[in-house]
Amino acid sequence: MPACAQTAWNLLVARRYPVSLIHFVTNKCNARCSHCFLDFNEENRPVKSGTFPLILQADPRQRPPELSLDEIERIARSAGPCLSNVNLTGGEPFLRMDIGAIADLWLRRASVRTLFISTNGGFPQFVLPFAQQLARTYPDRRLIFSISLDHFRDEHDRYRRVKGLFDRALHVYRELANVAPNVMATMGMTISRVNYESANDIYDHFVDELGIRALTIGAARDEGVYRTPPELRERIHAAYFNLSERLDADMRSGRLQGYQRTNLAGRLLNAKNRLVRQPLAYTMRTGGYVSPCHAGSVFGVIGEAGDVFPCEILNHPYGNVREYDCNLMALWRDKTARTSRRWIRDTHCRCDYDCAWTFNILCNWRYQPRLLLAALGVDR
């Protein structure tokens, strides 16, 4: 069976193998965003590393070490035949000096066709050579970068607590557009208590004055140590819904380009993002159940020290991949994983975690006609 057909069968019928994984390569970060879910213990002594600015590790008390390259290679080799996408994130992933080697292992040792990298854009001196090297080495793979930008220049730097971060992030976004045809970049804007009141003005500034043409919108979610202030929840969600509707309209009118429409991956990503918003909005507003969640069956999360979770919201791991000799599928098929998947199904587990919603869309037959039209370039 061709690889694409096998992946489609796995998504829509079998659901035995992971199709996408989020890999937290580190929990270190140079920023301190107010909506971050990581537990940064700032009472601990800071760590300085080479040319990096001040770096603190999230809750560094007796934490196990990050996965080594040898361990990551074994995980990638054992990830099954349908793994098409890996998202490298953190913390800030470019605070691992071996991030290029990590990316190479996923692309070379697994069946990964698309590598998605989430970054705050603070290290253009690492991001751009990373993109250039991978684009040359793997011209048949897709590299997608999501660069965080949430506010006007001064406010963005102030609430992320990194001077000059706005300008560096914008520089990374613009330069990535010139790397290679298989490299895509988007700005990721998170609506939270610090920017919801100005969200429309920020959006217009990004599009009209900065010339940003690929933009995604998210809402800060209750995860880890972060909790949305209850008194602001409805206002933050209203700002998110309003901006999402504007983004859809601007995509259709051509004011925004979104992901590259000239290739299949870009068209499918644009369509998937549109399809996700309606059920996601319903769940956020009502807490209601829309469709089965497939987190933990075709999608999962690997922590920096090897814990494997069905998603970021459920904080009980299947186990640690190190306990399975870094054989991911051995863990994926174990009793704890099967029990967790059954619990997700039987309880109608639901949340506003957009990464999991991506696969709830892809695994649902009712959305396939729209995705097919997008693939053919008909549905905008």
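Tell me, what is the FRET efficiency for Cys4 and Gln125 to the nearest 0.05, using R0 = 35 angstrom and their Cβ-Cβ distance as r? Intermediate values should be presented prior to the final figure.
Details: r = 37 Å, r/R0 = 1.05.
Once the sixth-power term is evaluated, E becomes 0.45.
Once fully extended, how much extra length lies between Leu373 and Asp98, figured as 0.36 nm per residue of separation less the alpha-carbon to alpha-carbon distance?
Extra length available between Leu373 and Asp98 comes to 95.0 nm.
Across the range 21-29, in residue order, what do the Karplus-derived ³J(HN,Hα) couplings come to in whole Hz, using 6.51 cos²θ - 1.76 cosθ + 1.60 with θ = phi - 60° and x for Gly and Pro?
After applying 6.51 cos²θ - 1.76 cosθ + 1.60, I find 10, 9, 10, 7, 6, 7, 10, 8, 8 Hz.
For the chain, state what percent of all Cα-Cα pairs lands in each successive 10 Å bin, counting from 0 Å until the bin that includes the largest distance.
The distribution over the chain is 5, 24, 36, 28, 8, 0, given as percents.
Compute the distance in nm between two label points, each set 7 Å from the Cα along the Cα-to-Cβ direction, one at Asn200 and one at Thr336.
Result for the modelled spin labels: 4.9 nm.
Using modelled amide H (1.01 Å from N, peptide plane; none on Pro or chain starts), what sits under 5 Å from the amide H of Phe145, excluding residues fewer than 5 places away?
Long-range HN contacts for Phe145: Ile117, Met184, Ala185, Thr186.
I'd like the Karplus ³J(HN,Hα) series for the range 354-360: coefficients 6.51, -1.76, 1.60, θ = phi - 60°, whole numbers in Hz, and an x wherever there's a Gly or Pro.
5, 5, 5, 4, 3, 7, 5
On full extension of the chain, what length is gained from Thr137 through Asp325, given 0.36 nm per residue of separation minus the C-alpha to C-alpha distance?
Using 0.36 nm per residue and subtracting the Cα-Cα distance, I get 64.8 nm.
In nm, to one decimal, how far is the Ser68 label point from the Arg252 one, both placed 7 Å along Cα→Cβ?
For Ser68 paired with Arg252, the spin-label model returns 5.5 nm.
What value, in deg cm²/dmol to 500, does the helix sum -39500 (n - 2.57) over DSSP H runs of n ≥ 4 give at 222 nm once divided by the residues of the chain?
On the way: 13 runs with 145 residues, N = 380.
Computed ellipticity for the chain at 222 nm equals -11500 deg cm²/dmol.
Please report, for the Cα atoms of the range 106-263, the Rg to one decimal and the Dmax as a whole number; what are they, in angstrom?
Over the range 106-263's Cα set, Rg and Dmax evaluate to 16.4, 50 Å.
Could you work out the Rg to Rh ratio of the range 80-172, with Rh taken as the Kirkwood radius (inverse of the mean 1/r over all Cα pairs)? Intermediate values should be presented prior to the final figure.
Working: Rg = 14.3 Å, Rh = 14.0 Å.
Answer for the range 80-172: 1.02.
Taking 0.36 nm per intervening residue step and subtracting the Cα-Cα distance, what contour gain separates Lys163 from Val225 on full extension?
Stretched out fully, the Lys163 to Val225 stretch lengthens by 19.9 nm.
Explain nothing, just the number: relative contact order of the chain, from Cα pairs under 8 Å at least 6 residues apart, as a whole percent.
Working: 654 pairs, mean separation 68.9, N = 380.
For the chain, the relative contact order is 18 percent.
Expressed as cubic angstrom per residue, what is the convex hull volume of the alpha carbon set of the range 309-364?
94
Along the charge dipole of the chain, which of Ser297, Met284, Thr228 sits closest to the positive end, that is, farthest toward it, with unit charges on the beta carbon of Lys, Arg, Asp and Glu (+1, +1, -1, -1)?
Ser297
Please report Rg (one decimal) and Dmax (integer) in Å for the Cα set of the range 144-237.
14.0, 46
What nm distance separates the two modelled labels at Ser34 and Glu209, each placed 7 Å from Cα along Cα→Cβ?
With each label point 7 Å from Cα toward Cβ, the separation is 2.0 nm.
Each reported figure results from applying straightforward, stated rules to the coordinates on display, with no laboratory input. Remember, it's a predicted structure, so these values are computed and weren't measured experimentally. FYI the Cβ positions are ideal-geometry reconstructions off the backbone, even for glycines, and counts take in every protein chain you see.
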